[in-house]
Amino acid sequence: MNLSNIIPIREDFSFKNLFNFKKTPLNLLIAIIVVVALALLAAGAVLYFIHGHHAYNITREHPWGLLIAMYVFFVVSSTGLCIISSFGHVFKIKEFEVISKRAIIGAVITLVSGFAVILLEIGHPIRMVIYNILTPGYTSAIWWMGTLYATYLVLILFEFTFLMRENHKIARYFAIGGLIVGISAHSNLGAIFGFLIARPIANGVFYPIYFILSAMITGSYLIFIAYGFKYKLKFPPEIEKMLLKLAFVLGILLAILMFFEVWRMMTSIYGGMPGRADAARHVLSTANFWVGEILLGALIPFLVILFSKAKALSAIVYSSLLGMVGIFFMRYDLVHDSQLMPLQPMKLREYQEVPTFIHYAPSFSEIAISIGGVGICLLLYYMAEKVFDLD
């Protein structure tokens, strides 16, 4: 069966020109980054296959590490791109119809990249698939996460297929399904943290809502970066019109995010609840939070949008690059900060040392696999650009 009979590909596509590209300094730099990232992925994977989880710096006290953070980073990006793409062919906002194909293939690629990273963190992925079907855990948020994200991937693949075939009526049905399941999966991912009763800093209703908000911000950043790179900051009129509207939406979302963060920290510190207030004060003393999450992830992009009245598109593209760095810190801190306080046994008559914060630093394998995930994402996006007409 010829793939082009299912999904139309470029007429000028051939395997010979798949890796032919303009040898500009930026393109060469990205190519080198991809090759190095994939080499690191191979090295990290080999160490994992040899040593198992001993290749990672995770412990019984800190069981979730960098790979969980990278998985969250990628699936947040996927959901965000799906939501932004729905503005066009689900909600019929005309200016956003031009990004449907590119945003959806981006959603597929980032989700696959996330799966590739988590595959090397799960002990027995094949066993997981088998028992996910044979013995479903309906009360488990993690079971729902796996099931919903698998369903979401199938739906957006069909959506992309029908978009490429220019069958927008059928594509819209899959888009609606993908949007509903994607938001459900993503809010459920937030609930995995919110359900952590033993981790007071995470427990509550904040994360299921925050995950959707931050996903839309991440998707907006990626749209600006993708189109800024494609058009070298010289946007055609229809793309410029879309980006101007998206910049306005992004500014509102960033304002809401910062508002959320203020109240999250205030409610965490208020009352001095053991485990919650201590962890929150520690978070507020770190550069990761102030420089990574706040300055890069939200404040700089927001100020650029605010003072340019959402019109300085080139500056917004550059601030989106900083924003994605900040988004990484948001995901890393989300995972690490929820495990800062050690779980303590209920000792009533024995002497017990005062608990201290748990320290964690990713191992070479974790860093290599995480960078490799970025390499997979960049390579797949480049190949999709070569194979499909995404405009």
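How about region 377-391: which of its residues are within 15 Å of Phe19 (Cα to Cα) and in a helix (DSSP H, G or I)? Matches in region 377-391: Leu378, Leu379, Leu380, Tyr381, Tyr382, Met383, Ala384, Glu385, Lys386, Val387. Every condition in (1) more than 26 Å from Leu222 (Cα to Cα); (2) buried (at least 20 other Cβ atoms within 10 Å of the Cβ); (3) not hydrophobic (A, V, I, L, M, F, W, C) holds for Ser113 except the one numbered (1). Scan region 226-279 for residues that are touching a Ser or Thr at 6+ places or on another chain (Cβ under 7 Å) and assigned to a loop (DSSP other than H, G, I, E, B) and the total you get is 2. Among residues that are small (Gly, Ala, Ser), in a loop (DSSP other than H, G, I, E, B) and in contact with a Ser or Thr (Cβ under 6 Å, 6 or more places away or on another chain), Ala215 is not included. Condition check for Tyr71 on (1) closer than 30 Å to Val249 by Cβ; (2) among the aromatic types (Phe, Trp, Tyr); (3) in contact with a Ser or Thr (Cβ under 7 Å, 6 or more places away or on another chain): one failure, at (3).
Residues that are modelled with pLDDT of 95 or more, hydrophobic (A, V, I, L, M, F, W, C) and surrounded by fewer than 19 Cβ atoms within 10 Å (Cβ to Cβ): does region 382-390 have at least one? No, every residue in region 382-390 fails to be modelled with pLDDT of 95 or more, hydrophobic (A, V, I, L, M, F, W, C) and surrounded by fewer than 19 Cβ atoms within 10 Å (Cβ to Cβ).
Here is a yes/no grid of residues against (1) of a type outside the set (Gly, Ala, Ser); (2) outside any helix (DSSP H, G or I); (3) surrounded by 17 or more Cβ atoms within 10 Å (Cβ to Cβ); (4) within 22 Å of the chain's Cα centre (by Cα):
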site: Ile122; (1), (2), (3), (4): yes, yes, no, yes
site: Val129; (1), (2), (3), (4): yes, no, no, no
site: Asn132; (1), (2), (3), (4): yes, no, no, no
site: Met145; (1), (2), (3), (4): yes, no, yes, yes
site: Leu148; (1), (2), (3), (4): yes, no, yes, yes
site: Leu155; (1), (2), (3), (4): yes, no, yes, yes
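The set of residues from region 153-165 being in contact with a helix residue (DSSP H, G or I) (Cβ under 7 Å, 6 or more places away or on another chain) and free of Cβ contacts under 8 Å to residues at least 60 places away in the same chain comprises Leu153, Leu155, Leu157, Phe158, Glu159, Phe162. When restricted to residues that are touching a residue at least 40 places away in the same chain (Cβ under 8 Å) and under 23 Å from Leu196 (Cβ atoms), region 138-152 contains 6.
Within region 194-223, the set of residues being within 14 Å of Arg276 (Cα to Cα) and buried (at least 19 other Cβ atoms within 10 Å of the Cβ) comprises Gly194, Arg199, Pro200, Ile201, Ala202.
If the condition is being modelled with pLDDT under 75 and loosely packed, with under 10 Cβ neighbours inside 10 Å, then region 1-11 contributes Met1, Asn2, Leu3, Asn5.
Scanning region 327-343 turns up no residue that is assigned to a helix (DSSP H, G or I) and of a type in the set (Gly, Ala, Ser). Do the conditions hold for Lys234, that is, is it under 22 Å from the mean Cα position of the chain (by Cα), closer than 17 Å to Asp391 by Cβ and surrounded by fewer than 17 Cβ atoms within 10 Å (Cβ to Cβ)? Answer is no for this residue. Taking region 333-374 as the range and being among the aliphatic types (A, V, I, L, M) and either modelled with pLDDT under 80 or over 27 Å from Phe49 (Cβ atoms) (or both) as the test, the residues that pass are Leu334, Leu340, Met341, Leu343, Met346, Leu348, Val354, Ile358.
Taken over region 43-68, the residue count meeting the criterion of being in a helix (DSSP H, G or I) and exposed (fewer than 14 other Cβ atoms within 10 Å of the Cβ) is 6. Tell me yes or no: at least one residue of region 18-38 is closer than 18 Å to Phe388 by Cα, loosely packed, with under 12 Cβ neighbours inside 10 Å, aliphatic (A, V, I, L, M) and over 22 Å from the mean Cα position of the chain (by Cα). No: region 18-38 contains no residue that is closer than 18 Å to Phe388 by Cα, loosely packed, with under 12 Cβ neighbours inside 10 Å, aliphatic (A, V, I, L, M) and over 22 Å from the mean Cα position of the chain (by Cα). Please verify whether region 305-321 includes one or more residues that are at pLDDT 95 or above, within 30 Å of Ile197 (Cα to Cα) and part of a helix (DSSP H, G or I). No, the conditions are met nowhere in region 305-321.
The values are calculated or read from the model by the stated rules, or taken from the named source; none is laboratory data. These figures come from a predicted structure and were not determined experimentally. So basically every Cβ, Gly included, is an ideal-geometry build from the backbone, and we count neighbours across all protein chains shown.
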